[in-house]
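Peer 1: This is the structure I want to talk about, given as structure tokens.
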Amino acid sequence: MARARTKDDDERESLLNNDEDEDTDNHGSFSNEANSSRGGIETLRLMVLGSDDALMNQACAAILGLPQRKNDSNIGACVFKEGQINGRQVSLLKTPSYWLEHLKSFLFFSRGLQSLRSDMEFCESIIFPGPHAFLLVLGDVSNSSKEHLLLRALCKIFGKEVLDYSMVVFVHHSNRDILNNRCVKMCRQRYHILKNTENSVPNLLENIENMSNRYRTRYFTKHVNLLENAKKYFQTELNEKYRAMEHSLKGELSRIEMTVKDGRNEIAELKRQNDTLRKQLRRDLKDGQVRENQLRRDLEDAQVRENQLRRDLKDAQVRENQLRRDLDDSRGREDQLRRDLEDVQVREKQLRRDLKDVQVREKQLRRDLDDSRGRENQLRRDLEDSRGREDQLKEDNMKLQSEIKHIKDTEKVLGKTNTELQVKETELCKRQRDLDDRERNVESEKRELETRGVEVALREREVESKLTGEQDLAQRNTWSGGKAFPPPADKETGAESSDGDSPASPRSNVTDEIKPVRRRSLQEPPNLSECGPLHTP
């Protein structure tokens with residue numbers, strides 16, 4: 001039956017996608033992916049048969065790459081397992097192990113088969129639309145006994161085409177001739193030995209794939225007519241849906257065309273606006289570039305000015321620091337000058353007091369000078385008058401000598417004062433203008449006094465010469481009278497030994513006192529100009 005099928009089963013597989021009932025196992029619930037096969041190579045559905053649960057569990061664990069459980073609670077139950085092998089989805093349905101014992105328990109095979117039909121059909125329906133292979137698990141060639149009954153039962157229930165999709169899997173390797181095994185002969189010499197290698201399971205899947213590819217349907221199913229009817233039904237339904245969809249798509253297409261036309265018009269308008277905007281943007285870009293260049297130049301100028309200002313700022317900071325130092329120095333000098341000014345003010349007050357004293361002494365000197373002039377005139381008159389006034393002249397001469405001494409002392413004081421004034425003239429130059437004028441007047445008067453002193457000296461010489469003549473005359477008169485006259489050198493002795501009535505003693509004393517004054521006046525005339533005039537600013 002399966003050999004007469006065509007490749008249309010591939011289309012059947014794409015149309016069938018039925019959901020199956022869920023059943024719990026040791027891994028949870030059944031997966032819909034195992035129930036919705038599209039017949040491709042990527043998904044394999046396998047039904048595992050055998051009489052030993054341990055061997056079947058070992059084979060399932062080896063194929064799926066799962067850890068083997070020593071104590072399995074689902075012994076003798078139908079268990080569904082699935083996993084991924086090299087990117088391929090593999091679904092395994094382990095059938096109950098009691099099927100073979102049940103078949104062997106009946107004397108007649110047909111009776112035991114009838115009792116298992118429902119179970120086998122149920123297991124086949126779990127992996128709908130059908131398994132790609134029926135795997136009969138055996139431990140070894142030597143320990144296989146009645147497992148061929150399972151293959152026979154499958155043939156009675158599902159047809160002989162089951163053997164085209166059947167394969168024997170040995171869990172343990174044996175050196176005996178495998179091809180003579182009855183089960184292997186029924187499976188048309190198809191078998192595989194599971195080994196603990198990496199290529200064992202991929203080789204098994206490859207053998208299953210090669211076995212299923214030989215036939216029109218890549219998996220076993222006995223519902224070919226049902227699949228064809230389902231195909232026609234689904235094709236009709238798909239055609240109606242296609243027509244409805246085509247009609248709706250045509251209306252949608254017309255609306256889309258209208259939308260496209262409107263979009264094209266909008267695009268054309270947008271293009272025109274875009275061209276206008278581009279032109280405007282180009283103009284704006286050119287203007288922006290011009291402004292940017294101008295701004296760059298302005299920025300460069302500003303940077304140059306900024307650098308110059310920074311340099312000026314640094315110079316100003318340096319100058320500010322220098323000015324601050326100068327200000328501190330000037331403040332220190334100002335404080336020093338203030339202290340010096342206070343000292344100068346104190347000295348100025350002292351000088352003013354000294355100046356007042358000098359002015360008082362100057363007035364006194366002027367009065368004394370006037371008195372000396374009067375006495376000089378009186379002396380002249382006395383000298384010219386007669387010797388009878390000689391006593392009066394001596395007294396006047398003594399007074400004059402004392403006045404001259406006083407004048408000399410005053411000159412010394414004035415010289416010292418002038419020296420002090422010269423030391424302080426730089427500090428009081430602005431304030432001593434009036435004093436300078438007065439001092440100039442004093443200097444002129446002192447020159448006049450010097451001139452007059454010279455004249456007095458000349459007159460004293462004349463007086464001395466006259467007195468000398470008079471003394472000679474008196475000596476001659478004395479000698480002529482027979483009296484002795486003491487020598488003139490011993491003035492004090494002569495003065496003590498002479499009588500008060502003798503005229504020679506007063507004249508000699510006056511002469512002796514006038515001579516040193518005359519010599520000093522001739523040798524050292526008073527000259528106040530040596531101190532130098534006061535300088536005015």
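Every number here is computed from the coordinates shown, using simple stated rules; none is lab data. The structure presented is a predicted model; accordingly, all values stated were derived computationally and were not measured. Note that each Cβ is placed from the backbone with ideal geometry, even for glycine, and that neighbours are counted across all protein chains shown.
Peer 1: Could you pull out which residues in segment 275-314 have an amide N less than 16 Å from a spot 7 Å beyond the Cα of residue 324, following the Cα-Cβ vector?
Peer 2: What the label zone holds, given the 16 Å backbone N cut-off, is 313-314.
Peer 1: Would you please calculate the Kirkwood hydrodynamic radius of segment 380-478 over all C-alpha pairs and express it in Å, rounded to one decimal? Mind showing how you got there, number by number?
Peer 2: Details: mean 1/r = 0.0597 Å⁻¹.
Evaluated over segment 380-478, this radius sits at 16.7 Å.
Peer 1: In whole Å, what is the distance between the alpha-carbon centres of segment 278-311 and segment 402-416?
Peer 2: 92
Peer 1: A follow-up question, please. Just add up the charged neighbours of residue 179: K/R +1, D/E -1, any other residue whose Cβ is under 15 Å from the Cβ of residue 179.
Peer 2: Spelling it out: positives minus negatives among the neighbours equals +3.
Peer 1: Just to check I understand the Karplus step: with θ = phi - 60° and J = 6.51 cos²θ - 1.76 cosθ + 1.60, what whole-Hz values come out for segment 100-117, glycine and proline as x?
Peer 2: Values, residue by residue: 5, 5, 5, 5, 6, 6, 8, 6, 9, 5, 5, 5, x, 5, 4, 6, 9, 4 Hz.
Peer 1: Taking 7 Å along the Cα-to-C-beta vector as the label spot, tell me the residue 433-residue 246 distance in nanometres, rounded to one decimal.
Peer 2: The modelled label-to-label distance comes out at 13.2 nm.
Peer 1: Work out how much length residue 468 to residue 237 would gain on full extension: take 0.36 nm times their residue separation and subtract the Cα-Cα distance, in nm to one decimal.
Peer 2: Computed gain between residue 468 and residue 237 is 64.3 nm.
Peer 1: Right, next: Which net charge results for the neighbourhood of residue 294, defined as the other residues with beta-carbon distances under 12 angstrom from its beta-carbon, given Lys and Arg at +1 and Asp and Glu at -1?
Peer 2: Net local charge, residue 294 excluded: -2.
Peer 1: A further question on this structure: Based solely on C-alpha atoms, express the radius of gyration and the Dmax of segment 345-434 in angstrom.
Peer 2: 18.6, 60
Peer 1: Need one number: nm distance between label points at residue 200 and residue 286, each 7 Å from Cα along Cα→Cβ, rounded to one decimal.
Peer 2: It works out to 8.5 nm between the two label points.
Peer 1: Between residue 312 and residue 277, how high is the FRET efficiency from 1/(1 + (r/R0)^6) when r is the Cβ-Cβ distance and R₀ = 51 Å? Nearest 0.05.
Peer 2: According to the calculation, E is roughly 0.60.
Peer 1: Then there's this: What is segment 104-158 by shape, rounded, prolate or oblate, if you read a ≥ b ≥ c off the alpha carbon gyration tensor as root eigenvalues and call it rounded for a/c under 1.5, prolate for a/b larger than b/c, and oblate otherwise?
Peer 2: Note, shape of segment 104-158 comes out oblate.
Peer 1: To the nearest µm²/s, what D does Stokes-Einstein give for segment 42-222 at 25 °C and 0.890 mPa s, using the Kirkwood radius over alpha carbon pairs as Rh?
Peer 2: Calculated translational D: 150 µm²/s.
Peer 1: Taking the Cβ of residue 101 as the center, what net charge do the other residues with Cβ under 12 Å away carry, scoring Lys and Arg +1 and Asp and Glu -1?
Peer 2: Its environment carries a net charge of -1.
Peer 1: Relative to the present Cα-Cα distance, how much length would full extension add between residue 182 and residue 226 at 0.36 nm per residue of separation?
Peer 2: 12.4 nm
Peer 1: While we're here: For the pair residue 461/residue 254, report the inter-label distance in nm, with labels modelled 7 Å from Cα in the Cβ direction.
Peer 2: 16.5
Peer 1: Report, in whole Å, the centroid distance computed from the Cα atoms of segment 173-202 and segment 109-134.
Peer 2: Using only Cα atoms to place each centre, the spacing works out to 24 Å.
Peer 1: If you don't mind, there's one more thing I want to ask. State the Kirkwood hydrodynamic radius of segment 229-347 in Å, one decimal place, computed from all pairs of distinct Cα atoms. Walk me through the numbers on the way to the answer.
Peer 2: Values: mean 1/r = 0.0407 Å⁻¹.
So the Kirkwood estimate lands at 24.6 Å.
Peer 1: First check a/c for segment 156-220, with a ≥ b ≥ c the square roots of the eigenvalues of its C-alpha gyration tensor; if it is under 1.5, answer rounded, and if not, answer prolate when a/b is larger than b/c or oblate otherwise.
Peer 2: The shape class here is oblate.
Peer 1: Residue 305 to residue 341: FRET efficiency via 1/(1 + (r/R0)^6), r the Cβ-Cβ distance, R0 45 Å, to the nearest 0.05?
Peer 2: So, using R0 = 45 Å, E works out to roughly 0.40.
Peer 1: Next question. Can you classify segment 177-270 as rounded, prolate or oblate using the Cα gyration tensor, where a ≥ b ≥ c are the square roots of its eigenvalues, rounded means a/c under 1.5, and otherwise it's prolate if a/b beats b/c and oblate if not?
Peer 2: Note, shape of segment 177-270 comes out oblate.
Peer 1: Using DSSP to call loops (not H, G, I, E or B), can you name the chymotrypsin sites (Phe, Trp or Tyr not before Pro) in segment 101-173 whose Cβ has at most 14 other Cβ atoms within 10 angstrom?
Peer 2: When the chymotrypsin sites (Phe, Trp or Tyr not before Pro) of segment 101-173 are filtered for loop state and at most 14 Cβ neighbours within 10 Å, 106, 108 remain.
Peer 1: Further, regarding this structure: Summarise the long-distance tail of P(r) for segment 295-452 by giving the % of C-alpha pairs beyond 28 Å.
Peer 2: 56
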